[in-house]
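Participant: Can you keep this structure in mind? I'll have questions shortly.
The values are calculated or read from the model by the stated rules, or taken from the named source; none is laboratory data. Since this is a predicted model, take the numbers as computed values, not measurements. Glycine gets a Cβ as well: all are built from the backbone with ideal geometry, and neighbour counts include every protein chain shown.
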Amino acid sequence: MAPQQSIPVAADVLGTIGTILWCVQLVPQIWTNWRTKKTDGLPAAMMFLWALCGVPFGVYSIVQNFNIPIQVQPQVFMTLCLVSWAQTLVYFSRWRPWTAALTAIVTGCVFAGVETALILTVRPIYAAGNETPVTVIGIFASVLLALGLLPPYGELWKRQGRVVGINWIFLSMDCGGAFFSLMALVAQNTFDVLGGVVYIVCCALEIGIFSSHIIWLIRTRSIRKAAKAEGKTFDDVAAEHEERGEPFKFSERKSRQEMKKKMKDEESGNEASASEQPLPAVAEVVEAEQGKTQRDGSEDIGHSEPQKTTTTMATGTTAGTTRDLDSEKVEHPSDSAGN
């Protein structure tokens, strides 16, 4: 398809609306991430793939000479995705902030360089009438965009269809931006199929996320109502079931990696408790030995005193006997002299 020669006013207006929505769509999500310091439920892979998607999408829009708002759109989109991706590295993966920021900046510079090189390479080829490179780039952009929306479906499976961590304003603005951008393509003199596929895929997958959470709300309405009457939340109820070891229909599913980690932690805990369990018995044995030693010492002292008395008495008797013998010896010569 040849580049657009003239852009209708309606296409410019619709494209501008879509660009404005896509330029600020991630601001609510970035704000939520920063305020809560959590990105649970917002996959880092989603943000990275979307940022990467901005490269072929930008090349495709510029080479096709779309209206200016749609050409600017991928650049802003890529920048905001990199910011949100850096937040997932900090809040979920526990990277240092400066490391995550530097990684995002370097990645953005690499993406910009690749996009510029592709534009300079593909534009002359496309102008010469060869549409194959642009078509391949457009398909690649569509695939990356679709792949970026698949990780949230993994989070939906994990939480029984519940949406966690994704800001609803962001999701609504993203879906609206894709819709108005699609209408801008429709309003152009020639509808671009691949560009339309990108926006249609985006709208369809995001509507699926909305639908999944609505279905989850319907399925859990009685549980949430009962929990609210008791002043609790749904998460409180799920935590209570987990603490008691009771099965819960809407508990979070665990991946194989998480299950292995949990089993490993339990085994480590059992080993630690087993190693600590004999310690009280050892302490009791030591105390018993000490008590026995003290008792033996007391008995030895008690027995030693009578022995000492007996010895003293015996010594006294012996001494008395000796004195008697000595007196007899003294008296004996006098008796002899008298005789």
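Participant: Being surrounded by fewer than 18 Cβ atoms within 10 Å (Cβ to Cβ) and more than 28 Å from the chain's Cα centre (by Cα) narrows it down to one residue among SER172, SER211, SER251, SER222; which is it? Give the steps one after another, and end with the answer.
Facilitator: Values: SER172 fails: more than 28 Å from the chain's Cα centre (by Cα); SER211 fails: more than 28 Å from the chain's Cα centre (by Cα); SER251 fails: more than 28 Å from the chain's Cα centre (by Cα).
Answer to the selection: SER222.
Participant: Would you confirm whether any residue within the stretch 9-22 is on the phi > 0 side of the Ramachandran plot and in contact (Cβ under 8 Å) with a residue 60 or more places away in the chain? Spell out how you get there, then give the answer.
Facilitator: Quick first cut of the stretch 9-22, residues on the phi > 0 side of the Ramachandran plot only: none.
Scanning the stretch 9-22 turns up no residue that is on the phi > 0 side of the Ramachandran plot and in contact (Cβ under 8 Å) with a residue 60 or more places away in the chain.
Participant: Still on this structure, I have one more. From the list GLN73, GLN87, which residue is crowded, with 18+ Cβ neighbours inside 10 Å and either at pLDDT below 95 or outside any helix (DSSP H, G or I) (or both)? Can you show your working first?
Facilitator: Numbers: GLN87 fails: either at pLDDT below 95 or outside any helix (DSSP H, G or I) (or both).
The match here is GLN73.
Participant: Output the residues belonging to the stretch 160-181 that are touching a residue at least 24 places away in the same chain (Cβ under 8 Å) and part of a helix (DSSP H, G or I).
Facilitator: From the stretch 160-181, those touching a residue at least 24 places away in the same chain (Cβ under 8 Å) are 160-167, 169-171, 173-181; that's our starting set.
Of everything in the stretch 160-181, those that are touching a residue at least 24 places away in the same chain (Cβ under 8 Å) and part of a helix (DSSP H, G or I) turn out to be ILE169, PHE170, LEU171, MET173, ASP174, CYS175, GLY176, GLY177, ALA178, PHE179, PHE180, SER181.
Participant: Hey, another quick one. For the stretch 90-136, which positions are among the hydroxyl-bearing types (Ser, Thr, Tyr), under 20 Å from ALA45 (Cα atoms) and surrounded by fewer than 16 Cβ atoms within 10 Å (Cβ to Cβ)? Talk me through it step by step, then tell me what you get.
Facilitator: Filtering the stretch 90-136 down to residues among the hydroxyl-bearing types (Ser, Thr, Tyr) leaves 91, 93, 99, 103, 107, 116, 121, 126, 132, 135.
Subsequent filtering for residues that are under 20 Å from ALA45 (Cα atoms) retains 91, 93, 99, 103, 107.
If the condition is that a residue be among the hydroxyl-bearing types (Ser, Thr, Tyr), under 20 Å from ALA45 (Cα atoms) and surrounded by fewer than 16 Cβ atoms within 10 Å (Cβ to Cβ), then SER93, THR99, THR103 are the ones that fit.
Participant: In the stretch 178-234, which residues are at pLDDT below 90 and polar (S, T, N, Q)?
Facilitator: SER181, GLN188, ASN189, THR190
Participant: For the stretch 90-115, enumerate the residues that are in contact (Cβ under 8 Å) with a residue 12 or more places away in the chain, part of a helix (DSSP H, G or I) and hydroxyl-bearing (Ser, Thr, Tyr).
Facilitator: Of everything in the stretch 90-115, those that are in contact (Cβ under 8 Å) with a residue 12 or more places away in the chain, part of a helix (DSSP H, G or I) and hydroxyl-bearing (Ser, Thr, Tyr) turn out to be TYR91, THR103, THR107.
Participant: Are any residues in the stretch 30-57 closer than 15 Å to PRO151 by Cα and hydroxyl-bearing (Ser, Thr, Tyr), and if so, which ones?
Facilitator: Listed by number, the list holds a single entry, THR39.
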